[in-house]
Amino acid sequence: SIVAEVDHVARAFEVMRDALAMRIEELGAANRELEDKQERLSVLQAELVQRDRLSAASRLLAQLAHEVRNPVASVRNCLEILRRRVEGDGEASELADLAIDELLRMHELAERMLDLHRPGATEGECDAASVANDVAAVVRVGLGERDIEVDVRAPDSLDAEIPADALKQVLLNLVQNAQDALGEEGTIEVRVEPVGANARIDVLDSGPGITDDALPQVFDPFFTTKADVRGVGLGLFTAAGIVRGHGGRIAAANRSDRQGARFTVEVPLVESTLQEAMA
């Protein structure tokens, strides 16, 4: 009958509609997965470009530092002799002391650049949670009257394949930069957690964040956004070199949950810790 035929056609359309809806859902899931993979690929490509650029800059800086260090030492020795000969002249002595101090600063800068290429202790491990708490304690002591809160969120322990001194240098740099960005008040959060095979440490602040122009350059040597002359722009460059030297990665971004900057450090977990996390 006509009614039976219409009912049959309606059921067929219902089946087709359900099949089409399922297919659309499958295609949507596939598209989302593809977008995620493309995003991860873009991040990896950006990291590779950054690594190549920083590696080339590191080699150039090491060569320059090596060439600069010796003549700086020679000039300093000459100035020391002249300084002793003009001890009776107050103005000349003051100028000689000033020149010697500046040469010492140049020598220290050259040593810092060479440190990035000197073979050091790349093996070792530490409790990343303990190091984060130690860094926060040191920074709190130096806050003085500023209304800045330093909060650490970490497990009881999390062993990572990086020496404690190396990780402490990295985190001190990141936390002090966050402190400088805040000025007189704000919040700094240090979050430590296992993510996959890595120990992940996020340093977040409630400051103004990083401009779009500065973001790609924050790890470049001699790049700084500070208005004063307290630094020479090697802190983040050195931190990135330390992290990469221990098989890790470091990244900078603006926070998505609120205003402020986020620096992320990932270093491999100690094998025993990784096995416990996967058990």
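Observations on the structure shown:
- E185-E33 pseudo-label distance in nm [points 7 Å out on the Cα-to-Cβ vector]: 5.0 nm
- For segment 174-181, 3J(HN,Hα) computed residue by residue from phi via the Karplus equation (6.51, -1.76, 1.60; θ = phi - 60°) reads 5, 5, 5, 5, 4, 4, 5, 5 Hz, glycine and proline entered as x.
- Fully extending the segment from A214 to E26 would add 63.7 nm, taking 0.36 nm per residue of separation and subtracting the current Cα-Cα distance.
- Relative packing of 123-129, 213-219, 201-207, which averages over residues the other C-beta atoms within 10 Å, highest first: 201-207, 123-129, 213-219
- Protection proxy ranking, highest mean first, for peptides 160-173, 28-41, 255-268: 160-173, 255-268, 28-41, where packing is the per-residue count of other beta-carbon atoms within 10 Å, averaged.
- If R0 is taken as 45 Å, the Cβ-Cβ distance between E102 and V195 corresponds to a FRET efficiency of 0.50.
- Taking packing as the residue-averaged number of other Cβ atoms within 10 angstrom, the listed peptides 95-108, 2-15 run from highest to lowest as 95-108, 2-15.
Laboratory data are not the source of any read-out in this text; all were calculated from the coordinates shown. This is a predicted model, so every value here is computed, not measured. Ideal geometry is used to build each Cβ from the backbone, glycine not excepted, and the neighbour counts take in all protein chains shown.
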